[in-house]
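Working notes, beginning with the structure itself.
The values are calculated or read from the model by the stated rules, or taken from the named source; none is laboratory data. What you are looking at is a predicted structure, and each value in this text was computed from that prediction instead of being measured. Here the Cβ positions follow ideal geometry from the backbone for every residue, glycine too, while neighbour counts run over all protein chains shown.
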Amino acid sequence: MKRVEACMVGRRGFPPVAPAPRVVPNRPGRGSACRRPGPTLLAVRWIRGRRRRAAALLTAASLAASAVVACSSTGGGSDGADGRPDELTVYAGRGPQLLIPGAVGDAAGLQMVSALFTGLVRYDPLTARPVNAVAASIASEDQKTWTIELKPGWRFHNGEPVTARSFADAWNATAYGPNGWAGNKFFAGFAGYRELNPGSEDPEPENAERDEKPDRRTLSGVEVVDETTLRVTLRAPFSQFPLILGYPAFFPLPSAAIEDPGRYGRAPVGNGPYRLVGTHEAGRALTVTRFDGYPGSKPPVRTVTFTAHASADAAYRSLLAGRVDLMPLPPELVADARRRLGGGRVVDRPGSTLQYLGLPLYDKRFRDPRLRRALSMAIDREGIAGGLLAGTYAPARSLVAPVTMGARPDPCGATCTYDPAGARRLLEEAGGWDGTLYLWFNPGSGHEAWIRAVADQLRRNLGITDIQVKEPDFDLYKRLLAAREVDGLWRQAWLMDYPSAQDYLQPLYASDGAYNYSGYADDEVDRLIAAGNAAGSLEESLTHYRQAEDALLDDLPVIPLWFERLQFASSARVSSVGVDAFGVIQLDQVVPAPAN
């Protein structure tokens, strides 16, 4: 028997989930709890379709685990003393109206601020663990109150020192609701966030959106102890706090940014490896040049120009003509780029976007985990990823992306392995399937071919002959999921905000998870996630998160399909490229090619 409860689940950016039965696996030591959802620490985003990477792939933590990939080694531009190019051109896109770290959320903006600013941490290119940059130390005894010490010697490009106040002012401005900055929700876990965002906890979206001016402008959870010390108080213990601090919303700002954000956003002064040349205007090229006073590693290329081509196709034509040196490739251009440029000039690395099929556990037909495992084992992930998806995705064998800290290669095991015979046996054990099986997805977003391939495989391998595809528009799709009115499998995707298993597990599968559309609830999973959040170290938290993932893979509230891979093209003027897990080019890791 499985226990059913009704809960109200709220979610950021969507209508609240309507009261609906919540199915709870009835296993020894497990149960359920109905709770009002508290806000997750960070904002989380839907991924709409297979994004054109040139415009939207860079929409997450700007400094996650990076990789340096070799390219082949003629084009124009200035050369340095050793004959290597001293200027490169990178396709970024239109860019935001205001180039302020806490305000940007678009691809081009995140790429640009990553060149102009440096945050408290960066991330190890192999392990994704945070490595201190401006921070000297980040410590806590209870995972709720954190003390951040800054390194001396950091300055903004105008000579102003980077102090604890530089961070506090930037964070307060970003968290202040009336500013409307994109990074606002990244501070939802800070003490005092609600006071800066009246209505943010209201379950009715029309109330949450009301224009109610806060009584204060600063976070009570951010305290400047002295010039080099910050004290941060969170609303709840969160062991992953050091991992979030590489996101641009946490970058520092000089005093001019606080005094006049509008003016500053058109001529930003940062503390990063590059400084701005001239001013910024959305839709126009932007040039940055190496900042010789930078305390970190000096980038090999002196000057970088970010182009504002109208599309990735236009940028690609410019790259083929030698006018662009680096660009992200949308999936439809990958095959042509490999053919024209050769494999050495197309960078391929793992990404963080997980595509999966959601399961309506509020529908009694899907409550048997053997049925859910049968559906998973009937899907040929390798065949679809390597065929229809042309290698732009890799089969998923976990719920957590391989680019996260402590990720495991195959915790899913047999459940994510193609086994038609085993799948049919499990389906028979579960009592078979009666009636129509629906597959839902939003059309016009590049998913049609693989959705229909999955439907064909389920027909062939499980003998379910009546499988139909439903294609509501995206807005209706979101509303139906929120109301739990989807009556079959549905396509969904997830992109991490920071390289932690918690960012995959809690929002999607916790009883109060902001994006728990399946209606899944399990006391043990909730306990393990909470234990990971309260763990005394990042290493200790991994034990709890892994146990939670194992329990989830046993229950299988969703069917993981594949993780996106990122492709970039380079000109012959580039020798190697540093790219993070979300597609942000790390300019201090771009090495120009030697002269022929």
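Selection over the range 312-337 of residues that are surrounded by fewer than 19 Cβ atoms within 10 Å (Cβ to Cβ) and either under 23 Å from Asp380 (Cα atoms) or at pLDDT below 95 (or both) gives a count of 2. For the range 478-491, filtered to residues that are under 22 Å from the mean Cα position of the chain (by Cα) and surrounded by fewer than 23 Cβ atoms within 10 Å (Cβ to Cβ), the residue that is modelled with the highest pLDDT is Arg491. Inspection of the range 355-372 finds no residue satisfying the criterion of being at pLDDT below 95 and either among the acidic types (Asp, Glu) or surrounded by fewer than 20 Cβ atoms within 10 Å (Cβ to Cβ) (or both). Is there a residue being over 21 Å from the mean Cα position of the chain (by Cα), at pLDDT 95 or above and among the acidic types (Asp, Glu) anywhere in the range 499-512? Checking the range 499-512: not a single residue is over 21 Å from the mean Cα position of the chain (by Cα), at pLDDT 95 or above and among the acidic types (Asp, Glu). Number of residues in the range 383-417 that are under 22 Å from the mean Cα position of the chain (by Cα) and of a type in the set (Gly, Ala, Ser) equals 8.
Of all residues in the range 518-550, which are of a type in the set (A, V, I, L, M, F, W, C) and surrounded by fewer than 17 Cβ atoms within 10 Å (Cβ to Cβ)? If the condition is that a residue be of a type in the set (A, V, I, L, M, F, W, C) and surrounded by fewer than 17 Cβ atoms within 10 Å (Cβ to Cβ), then Ala530 is the only one that fits.
Could you look through the range 418-455, keep only residues that are among the polar types (S, T, N, Q) and within 26 Å of the chain's Cα centre (by Cα), and pick out the one that is surrounded by the most Cβ atoms within 10 Å (Cβ to Cβ)? Checked the range 418-455; the qualifying residue surrounded by the most Cβ atoms within 10 Å (Cβ to Cβ) is Asn442. Residue under question is Gly93, and the condition is that it be under 28 Å from Arg349 (Cα atoms), modelled with pLDDT under 60 and part of a loop (DSSP other than H, G, I, E, B); does it hold? No.
Of all the numbered requirements in (1) crowded, with 23+ Cβ neighbours inside 10 Å; (2) in contact with a Gly (Cβ under 9 Å, 6 or more places away or on another chain); (3) over 30 Å from Ile384 (Cβ atoms), Ser511 misses one, and that requirement is (2).
Considered as a group, the residues in the range 215-239 that are under 24 Å from the mean Cα position of the chain (by Cα) and aliphatic (A, V, I, L, M) include one that is surrounded by the fewest Cβ atoms within 10 Å (Cβ to Cβ), and that residue is Ala236. Of everything in the range 115-165 that is of a type in the set (Lys, Arg) and closer than 28 Å to Leu88 by Cα, the residue that is surrounded by the most Cβ atoms within 10 Å (Cβ to Cβ) is Arg122. Residues Thr233, Thr305: which one is out of contact with any His (no Cβ under 9 Å at 6 or more places or on another chain), outside the structural domain of Gln143 (by TED's automatic domain parsing) and over 15 Å from Pro161 (Cα atoms)? Only one candidate passes the filter, namely Thr305.
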